[in-house]
Structures are given as C-alpha cells and as structure tokens.
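All remarks here apply to the structure that follows.
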Amino acid sequence: MDDLAHAEHLVDSADLLRPAAVRAAATLGVADHLAAGVGDVAELARLCGTRTDLLGSLLGYLVSLELLSGSADDGFALAPAGLPLCTDHPFSVRENLRDDGMAGRSDIALVGLVHTIRTGEPAHVGVFGRGYWESLNDGPAFAGALERLAGDQLVCDAELIIEGYDWTGVREVVDVGGNSGAVLINLLRRHTHLRGTVLDLENSAALAARNIENAGLADRGAAVAGSFFEPLPAGGDVYLLSAILADWDDADAVAILRRCAEASAGTGKVLLADVSLDARAAGAQADRTELWLRAMMPTPVRTVEQLKALGRAAGLRVTWEGPATAVRSLIEFSV
C-alpha cells in the first residue's frame, strides 16, 4: 500500500457520515415505513417528520451503502442488509443505533473521546456538557428511551442481590438510583415480606412507578423522584446501591455513600452491590473495550477493596461481605 492509499484509508476509517446516516435512519424509523410498503420520498418525509429533499439525499446515500434499493423516481425499498434496522426484526439493531436511545446517546458521545483521554471524564460530559444519566433524566426527551429498554430482567449478575443477602430481618428497602425498578420488583417478588421504594431522577422514577404497578406490586412498592446527592428518605432498613458507583469518580461515589450513611444512621444498613466491568476480560479487544467503557463512565473497574475504602471514606464500616462474581460484589456497611 503506497502513501496515497494509506491516506485514503485513514480518511475512510474516520468518515463520520456513514455511521451518522445509518443512525439517522434508525432514529427516524425509515426501515419500519419501508417495510410497511411506503417507498415514496414525500410520504416517507411526512411520516418521519423530515424535509423531503434532505430525506431523499439520505435514502440515496443508504442505497450506495447497499442498505436500500431503488431511487427517488421509482421509490425506495429495503435491501436485505437493511432489514435489521426494522424494529420487529429478530436481530433488530434499531434501538442500539437510534440517536434518541440510551445506547445511541452514549455512542454519539464518542466523538468527544479526546476529552476522555485528556481528562479521564466520560466523553458525554465533553460533548454535551453534562453527565449521561443527567441527560437521560432531563425532562421528556429521553423518557421514551428509558421505557423502551425497561423491563424486569436482571443484568450483570444482579441475581446476587436477590439470593445472596439475608433479607429475612428486613422490612423496608430503598433502592437508591433504582432506574426502571427491575431489581426492586424482583426483590419484592422473591421476598414477599419486603416493602420497597425506588429513588431516582424524574424520568426513571416515573418509569419505575409504572413498572411496579404493572407488576402488581403497588401495595408494597413505590417510586419517588430525587437525587442521591441530596438527603435521602430516612427510616429504611437497607439502602441499596446497585451498579451505581461505576458511573462516578471517587469524590462523587463517596458523596453518594455519605447520603446513604446519613439516611441509614441508627436504623439501617447500606448494601453496596456494585459492578466491575474489567476490560482485561476482553482479550485482544481490551483496548477497544477500555476506551468504550471509559468514554461512558469514569471508573468502570473497582476492586472490592477499593469499594470498601470508599465506604470508609464516607464514614461507614463493613459489617458483612457476601459472595462475588466476575462483575458483581456485595458489601454491607453500617454507620
């Protein structure tokens, strides 16, 4: 490969238009409309809420990528390679790619990777001026994204929380930063004597409340809007932090733990069920995984000893240590 070919290869590798166009199609739902038989550009523009001329340019470019077939004159259709952009495709990637989705939002922030490399802060802060979770919970814009990914499935070995801790003497649990309510819902189903509350920012709290009600658990479960950087509701037996601290640096993590310590003082425990997403497990892809994780969160990897040290810095002492898996630990603290 000569110097000119090397230069062309670099430019092609850094081309942002290709992924931006594919993500635009995913966000607009183009594939769903084409699959429904709508191939006319003007009608597609009406359904997608776009300008006709610019949508026509997008569709024409997607033809060059072999994701679509046809033309503005004859109408467009999906090519086989474009089928996974459909919402109902068995291998759909639409949710992963759409700009107004949770995964898509984090991926878009990668254009600010240099901010992460320079500062260690998530790229999202450098691109959007605020953290990922703050953005997703800011008004209605991403409420749909949270809801589309919501469910009661446990991830990252969260089953450890349900089965690995002695809940028999607990009556009230506060799931601090409980997101969609999945962990609390599973806790209440498994341990029928428990009552619980999800505390999270506005969008997540509203979603958790709906999920708890839909699960038939509104008599024992609830959700309230609030920040774990502000005083927490007092009186809980256990304040659960599940997969929270990896999204925050040490100073913020200690601040969150201090709020839990304040709320639990004298009456309850703090149960830390954090995740450690060790990029070294990715083998040859370790560097890629490391950059991707660090662009999303400041500390994706913390050892159990590091988590204990954060607890001590927040004025807490370890009173029990449970089983651990490759990605999940379980530590009980008391004031």
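The values are calculated or read from the model by the stated rules, or taken from the named source; none is laboratory data. Computed from a prediction, not measured in an experiment: that's the story for all the values here. Neighbour counts are summed over all protein chains in view; Cβ atoms, including those assigned to glycine, are modelled from backbone coordinates with ideal geometry.
Just a few scattered comments:
- Of the residues making up the range 276-335, just one is under 26 Å from CYS260 (Cα atoms), without any contact (Cβ under 8 Å) to a residue 24 or more places away in the chain and polar (S, T, N, Q), namely GLN306.
- Checking each residue of the range 22-44 against the condition of being in contact with a His (Cβ under 9 Å, 6 or more places away or on another chain), assigned by TED's automatic domain parsing to the domain that holds PRO90 and acidic (Asp, Glu) gives at least one match.
- Extreme residue, farthest from the chain's Cα centre (by Cα), among residues of the range 113-126 that are surrounded by 18 or more Cβ atoms within 10 Å (Cβ to Cβ) and in a helix (DSSP H, G or I): HIS115
- The range 207-222: number of residues that are within 23 Å of MET102 (Cα to Cα) and crowded, with 18+ Cβ neighbours inside 10 Å: 5
- The criterion of being hydrophobic (A, V, I, L, M, F, W, C) and closer than 14 Å to TRP292 by Cα does not hold for LEU83.
- Looking only at the range 127-157, and only at residues there that are at pLDDT 80 or above, in a loop (DSSP other than H, G, I, E, B) and more than 15 Å from the chain's Cα centre (by Cα), the one that is surrounded by the most Cβ atoms within 10 Å (Cβ to Cβ): ASP157
- When residues of the range 88-112 are limited to those that are outside the structural domain of ALA35 (by TED's automatic domain parsing) and among the β-branched types (Val, Ile, Thr), the one farthest from the chain's Cα centre (by Cα): VAL111
- Residue within the range 73-82 that is surrounded by fewer than 17 Cβ atoms within 10 Å (Cβ to Cβ), within 28 Å of the chain's Cα centre (by Cα) and not basic (Lys, Arg) present: yes
- Filter result (of a type in the set (Lys, Arg) and without any contact (Cβ under 8 Å) to a residue 12 or more places away in the chain) within the range 21-79: ARG46, ARG51
- The listed residues are ALA261, ALA246, ALA324, and the only one of them that is in the same structural domain as GLY177 (by TED's automatic domain parsing), at pLDDT 95 or above and at negative phi turns out to be ALA261.
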